[in-house]
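Trainee: Let me give you the structure first, and then I'll get to my questions.
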Amino acid sequence: MNSERINITVAIEKRVKGKAPTYSDEQFYSCWCGILQLYGTELYQAINIKLENTIIFKVRYCKLLEQLQDKKEYKVEYKGHIYKIYYSDFAKEYKKYVLLKCNLIK
């Protein structure tokens, strides 16, 4: 498993007195991770729901990452591409690793 550096960002909404809200991405966490691919039934399920460009980042657990379970929009930046986190799996390897399932945005 290759180790790569990723940056996790969170979308912050800013409102200014009656104007439309503006959104900006703020740095949330930067870490090393392993890159995994979908396989088997996971791959077929992703294809069925039109998530072909899906990747899994395996990140070492820390308390801060528990905030990923909030309903905010988190993104991962990896090799110049932006991925949206659609599921964070804490149960598979409880308090050891977190699997971030992401879909390519751009």
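What follows draws every value from the coordinates through simple rules; no lab data is involved. The shown structure was predicted, so the numbers you read here are calculated from the model rather than taken from an experiment. Neighbour counts are summed over all protein chains in view; Cβ atoms, including those assigned to glycine, are modelled from backbone coordinates with ideal geometry.
Trainee: Count charges around Cys33 for me, please; just the other residues with Cβ under 13 Å from its Cβ, Lys/Arg as +1, Asp/Glu as -1.
Mentor: Every neighbour counted, the sum reads +3.
Trainee: Which residue, Ile6, Ala20, Ser88, has the largest displacement toward the positive end of the dipole of the chain when charges sit on each Cβ (Lys, Arg +1; Asp, Glu -1)?
Mentor: With unit charges placed on the Cβ atoms, the residue in question is Ala20.
Trainee: Calculated from the structure, Rg and Dmax of the Cα atoms in Å equals which of [x] 19.5, 60; [y] 14.8, 51; [z] 16.2, 58?
Mentor: The value matching this structure is [y].
Trainee: Please list, or write none, the lysines whose alpha carbon is within less than 20 Å of the alpha carbon of Lys63, excluding same-chain residues fewer than 8 places away.
Mentor: Lys71, Lys72, Lys75, Lys92, Lys95, Lys96, Lys101
Trainee: Please give the charge dipole size of the chain, origin at the Cα centre, charges +1 on K and R Cβ atoms and -1 on D and E Cβ atoms. Round to the nearest 20 debye.
Mentor: 300
Trainee: Let me have the relative contact order for the chain, percent, based on Cα pairs under 8 Å that are six or more residues apart.
Mentor: Normalised by residue count, the contact order of the chain is 27 percent.
Trainee: In addition: Relative contact order for segment 12-68 using alpha-carbon pairs under 8 Å, separation at least 6, rounded to a whole percent?
Mentor: Computed over segment 12-68, the figure is 30 percent.
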